Amino acid sequence: MSNVIIVGGGAAGLSAAHLLSRSGKSVHILEARDRIGGRIHTIRNEGFSSAVEAGAEFMHGELPMTMSLMREAKVSYRSGQGNTWNVLDNHLAKGDFFDEGWSEVINKLQLLKEDMTIGDFLKKYFGDAKHESLVESVRGFVQGYDAADVDKASAMALAEEWKSGDVKGYRPIGGYGQLMDFLREKIEGNNGVFKFSSPVRKIRWSQGHVEVVTEQDEIFSSEKILVTVPISVLKQDALQFEPPLEQHRSALQQLEMGEVIKFLFEFKTSFWEKQNINVHRHMPGLNFLFSDAFVPTWWTQKPRELPLLTGWLAGPVLRKVRLDDGYLLDEAVKSLTYLFGCTQEYLHNELHFSKVVNWSKDEFSRGAYAYKTLQTAEALKTFNKPVDHTIFFAGEALYDGPEMGTVEAALARGRDVAEEILKRS
C-alpha cells in the first residue's frame, strides 16, 4: 500500500508527485493514457520534421512555477515575433487584434464593481448599433482564444486576463514535454511508480484508506488519493466514488471547460512569406492570423523558421460541427485556400504532413482548459477542501487565481495540494 495514489499523470499530478516523492512519500501514479503530460503533448517523430505541440504551447505573463521548473530542467524559451495579419470579408489587413475599440472595452471592464457575464457586459455597455462590429470581435475572441461561452464567462476574470494585452506569448524551446519528462525522471528517481494505460473507474474510500479499481479490474490501495483528471471527465461520472461525493457532483455543474481543436499543417516551404503566382495573398513575417474563416485563427513558429501553420478552432461552435477528422481536415484546407487565395490542389502539393488534434473528442480530456464563470469561486471552495483528510483534488481548473486554465495553474495547484498532504501526514 502506498502513501498516496495520484490519478492522472498530467502537469498537476506530476507536480504533486515530484514534491511528495522528494519528501519521502511512496507515490503511485495511475495514468489512463500510454504517456505522461495529459493535455501537454509534444509530438516527436510522427511525420513532422521537428517537435510540435499538440496541446499546451504558449506561456503568458509572469509564471513563477513554470519558470522555476524550466530553470531546473535547463529549458529556455523564446518570444513569438513577426506580424499580425487579419482577413475579414475577404480583405487582408495588417495590424494587432487589440485596436482602439478594444481599449474602450478593457477600460470599462476595469471599472466593474460587480461581476456579470461578458455577454451581459457587452449588452449593457456596448449595445448600440455603432458598436456592433466591436461586440462581434470581442465575442469571437472570447469564444476563440478563451474557448469560453460568452453567456457563462466572468467579465471580471476576463478583465484580469486581458489587461496585459499579451495574446501572443512565448514558448519553451523544444516543447512543454521536456518539463513533463524532467518531472517523471525526478519522480522515478525518488521511487515513484507509474502505471500507464490504466483508466480509474472506481474509488472506494473511508477515512485514511482508499481502494482504486482500474478499467482492467486491478486494485491499488493507499492512505490518501489525489484526483487530477479534468473536470469535464469528472462531469461524465467516469470515476465512481463509493460512497459518493454529492457535494462535489453538485459543484461540478458550476465549473466549465472550453473546447478546442488544433490543426497542425507542416508545408514544404513557408509559401506565405514571398510573392507566388499560385498564392493571391502573401503575408511576410506572419506570426498570428485572425480571420472569419471556419478555422479562424492560425499562427506560425516565428522566429523559428519551421514552415508550420497551426490552426485553432475553439469554443461553443464545436457543439454544432461534425467532429470526425476527415471533415475537419477538409474544412481547415478550405479555410487556408480562402485566407491565402490559392487552390486546394496547390496546398495539397505543398503539404508535408498534417494532423488534427481534437481535445473535445479525446475521452481522457473532453475539452481543453477551464474558464471562470460567476459560480466558479463558490465551486472551488468544495474542491479545494480535502474530504476527511483522504481525498484531494487538483488541476488547472481548480486553481483559484488569474492563471486558471494554464500549465502554471496546474503546476501550482499540484504543488499546493502536495504541501497540504504533507502537513496532514
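Close Cβ contacts (under 6 Å, 6 or more residues apart or on different chains) running from residues in the range 188-210 that are in contact (Cβ under 8 Å) with a residue 60 or more places away in the chain and of a type in the set (S, T, N, Q) to residues that are in a loop (DSSP other than H, G, I, E, B) and surrounded by 13 or more Cβ atoms within 10 Å (Cβ to Cβ) comprise GLN207/THR390.
Exactly one residue out of SER354, SER365 is touching a strand residue (DSSP E or B) at 6+ places or on another chain (Cβ under 6 Å), at pLDDT 95 or above, closer than 24 Å to ASP34 by Cβ and surrounded by 14 or more Cβ atoms within 10 Å (Cβ to Cβ): that is SER354.
Residues that are crowded, with 17+ Cβ neighbours inside 10 Å and of a type in the set (Ser, Thr, Tyr) within the range 314-336 comprise just one, SER335. Considering the conditions (1) aliphatic (A, V, I, L, M); (2) over 21 Å from GLU53 (Cα atoms); (3) modelled with pLDDT under 95, LEU323 is excluded by exactly one of them, (2).
Results for (1) over 27 Å from GLY208 (Cβ atoms); (2) charged (D, E, K, R); (3) at pLDDT below 95; (4) in contact with a His (Cβ under 7 Å, 6 or more places away or on another chain), shown as yes or no for each residue.
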residue: GLY341; (1), (2), (3), (4): yes, no, no, yes
residue: GLN344; (1), (2), (3), (4): yes, no, no, no
residue: TYR369; (1), (2), (3), (4): yes, no, yes, no
residue: PRO386; (1), (2), (3), (4): no, no, no, no
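Would you point out the residue of the range 393-407, among those that are under 11 Å from the mean Cα position of the chain (by Cα) and on the phi < 0 side of the Ramachandran plot, that is modelled with the lowest pLDDT? Residue satisfying both the conditions and the ranking: MET404. When GLU223, GLU273 are checked against the criterion of being of a type outside the set (S, T, N, Q) and in a strand (DSSP E or B), GLU223 stands alone in meeting it.
Only one residue in LEU264, LEU286 is under 22 Å from the mean Cα position of the chain (by Cα) and open to solvent by less than 20 Å² (accessible area, probe 1.4 Å), so which one is that? Only one candidate passes the filter, namely LEU264.
Take LYS262 and decide whether it is basic (Lys, Arg) and assigned to a strand (DSSP E or B). Spelling it out, LYS262 is indeed basic (Lys, Arg) and assigned to a strand (DSSP E or B). Of the residues making up the range 382-399, those that are surrounded by fewer than 17 Cβ atoms within 10 Å (Cβ to Cβ) and either touching a residue at least 12 places away in the same chain (Cβ under 8 Å) or in contact with a Cys (Cβ under 6 Å, 6 or more places away or on another chain) (or both) are PRO386, ASP388, HIS389. Considered as a group, the residues in the range 171-192 that are among the small types (Gly, Ala, Ser) and not in a helix (DSSP H, G or I) include one that is surrounded by the fewest Cβ atoms within 10 Å (Cβ to Cβ), and that residue is GLY174. Taken together, the residues in the range 111-154 that are open to solvent by 90 Å² or more (accessible area, probe 1.4 Å) and more than 25 Å from the chain's Cα centre (by Cα) amount to 9.
Restricting the range 408-425 to residues that are crowded, with 23+ Cβ neighbours inside 10 Å and of a type outside the set (Val, Ile, Thr) leaves a set whose member that is farthest from the chain's Cα centre (by Cα) is ALA418.
Within the range 59-92, restricting attention to residues that are open to solvent by less than 40 Å² (accessible area, probe 1.4 Å) and closer than 22 Å to GLU305 by Cβ, which residue is modelled with the highest pLDDT? In this case the residue turns out to be VAL75.
Looking across GLY24, GLY55, GLY9, one residue alone is surrounded by 20 or more Cβ atoms within 10 Å (Cβ to Cβ), over 30 Å from LEU339 (Cα atoms) and modelled with pLDDT of 95 or more. It is GLY9.
Of the numbered criteria (1) on the phi > 0 side of the Ramachandran plot; (2) in contact (Cβ under 8 Å) with a residue 24 or more places away in the chain, the one ASP237 fails is (2). Assess whether THR84 counts as being touching a residue at least 12 places away in the same chain (Cβ under 8 Å) and either of a type in the set (A, V, I, L, M, F, W, C) or within 20 Å of ASP416 (Cα to Cα) (or both). No; evaluated as a whole, the condition is false for this residue. When each of LYS202, LYS195, LYS168, LYS163 is tested for being open to solvent by 60 Å² or more (accessible area, probe 1.4 Å) and modelled with pLDDT under 95, the lone residue that passes is LYS163. Screening GLY119 with (1) touching a Lys or Arg at 6+ places or on another chain (Cβ under 9 Å); (2) under 28 Å from GLY38 (Cα atoms) gives one miss only, at (2).
Within the range 118-135, residues that are closer than 19 Å to LYS152 by Cβ and touching a residue at least 12 places away in the same chain (Cβ under 8 Å) sit with their Cβ atoms under 6 Å from residues that are in a loop (DSSP other than H, G, I, E, B) and open to solvent by 30 Å² or more (accessible area, probe 1.4 Å), at 6+ positions apart or across chains, in these pairs: GLY119/ASP151.
The values are calculated or read from the model by the stated rules, or taken from the named source; none is laboratory data. Since the structure is predicted, the reported quantities are computational estimates derived from the model, not experimental observations. Positions of Cβ are backbone-derived with ideal geometry, glycine not excepted, and every protein chain shown enters the neighbour counts. For accessibility, only protein heavy atoms count, side chains too; no ligands or nucleic acids. Shrake-Rupley method; radii C 1.70, N 1.55, O 1.52, S 1.80 Å.
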